[in-house]
Amino acid sequence: MAKSSEAYDRLKSDILRAIIAPGTPLVVAGLKERYGLGWTPLREALSRLEIEGLVVLEHNRGYRVAPVSAGAIRDLQLARRTVEETLLRRSIESGDANWEAGIVAEHHRLSRTPSPAPGIDEAGMTLWEERHDAFHGALLAAGRSESLTRFQRQITEQLQRHHRHMLFDPAARQELDPQAQPSFGDLVERTLGLAHHTRLMEAALDRDTDRAVALLVEHIGFSLAVYAFLWPLEA
């Protein structure tokens, strides 16, 4: 069991961080050499990751990392909006002083973290992801639904892969250069920067549910616009 958990954790981490790129074949023999683990725990890990949608099993071709695409992004963002709207409304309705303090604390940590930009290194990206996801998690923490919270975390992980691909893929990085594309750079800043997160925090703390949800929807719309710029929506 310990080896299976280790295989799952290490392989999942490499997929989420795009160390193993989308579409990469996952041959068990190669994974065995890479991680120094046996066939059984690696096969069990691949089965679990297939259930989570992080790898796909193709007939006569074996496992590979799930691809990224505009279609997948649209679907994930629709799921994100549906789940997070519900959790945010419930959190604003039932959140107490500890919930408020958690939001403020995570916003402070996020404010101390540079937003992702072309040229960001692995450590910087990892830190931003952790603090960004912690902030959004704090907003939704009083949602009182284990099932929705678990689903929200799975969606967040899938989106993390797409963020990584967008920032570290050479073609995407060229498009993301704010000096080459000033208007697009502004869009990226709206999506990943602090200002919009600050307004979202303020609306939640003011218990202004409609405004908070509108800001969340706008935030998701910014993200979709970034992806649409990089991948045609018909893809």
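Extending 7 Å from the Cα toward the beta-carbon at both residue 82 and residue 211 defines two label points whose distance is 3.0 nm. Can you tell me how the range 1-42 classifies by the Cα gyration tensor, rounded, prolate or oblate, using a/c under 1.5 as the rounded cut? It is oblate, given that a/c is not under 1.5 and a/b is not larger than b/c.
On the beta carbon distance between residue 121 and residue 157, with R0 = 22 Å, the FRET formula returns roughly 0.55. Using the Cβ-Cβ distance between residue 44 and residue 21 with R0 set to 22 Å, the FRET efficiency works out to roughly 0.45.
Could you give the length gained by full extension between residue 69 and residue 52, i.e. 0.36 nm per residue of separation minus their alpha carbon distance, to one decimal place? Could the numbers behind the result be given before it?
On the way: separation 17, 0.36 × 17 = 6.12 nm, distance 1.70 nm.
In short, 4.4 nm is gained.
Here the accessible area is traced with a 1.4 Å probe on the protein chains. For the range 12-74, carbon and sulfur cover 54 percent of it.
Stretched out fully, how many nm does the piece from residue 195 to residue 145 gain, at 0.36 nm a residue minus the Cα gap? Display every interim value, and only then the final one.
Working: separation 50, 0.36 × 50 = 18.00 nm, distance 2.85 nm.
The span from residue 195 to residue 145 would gain 15.1 nm if fully extended.
If you wrap the range 1-92 in the convex hull of its Cα atoms and look at it from every side, the mean projected area works out to 7.6 nm².
Residue 223 sits with roughly 10 Å² accessible to a 1.4 Å probe, with DNA, RNA and ligands left out of the calculation.
The values are calculated or read from the model by the stated rules, or taken from the named source; none is laboratory data. Keep in mind the model is a prediction, meaning the values are calculated, not measured. Backbone-built Cβ (ideal geometry, glycine too); neighbour counts: all protein chains shown. Keep in mind that these areas ignore ligands, DNA and RNA; they rest on the heavy atoms of the full protein, side chains included. Shrake-Rupley method; radii C 1.70, N 1.55, O 1.52, S 1.80 Å.
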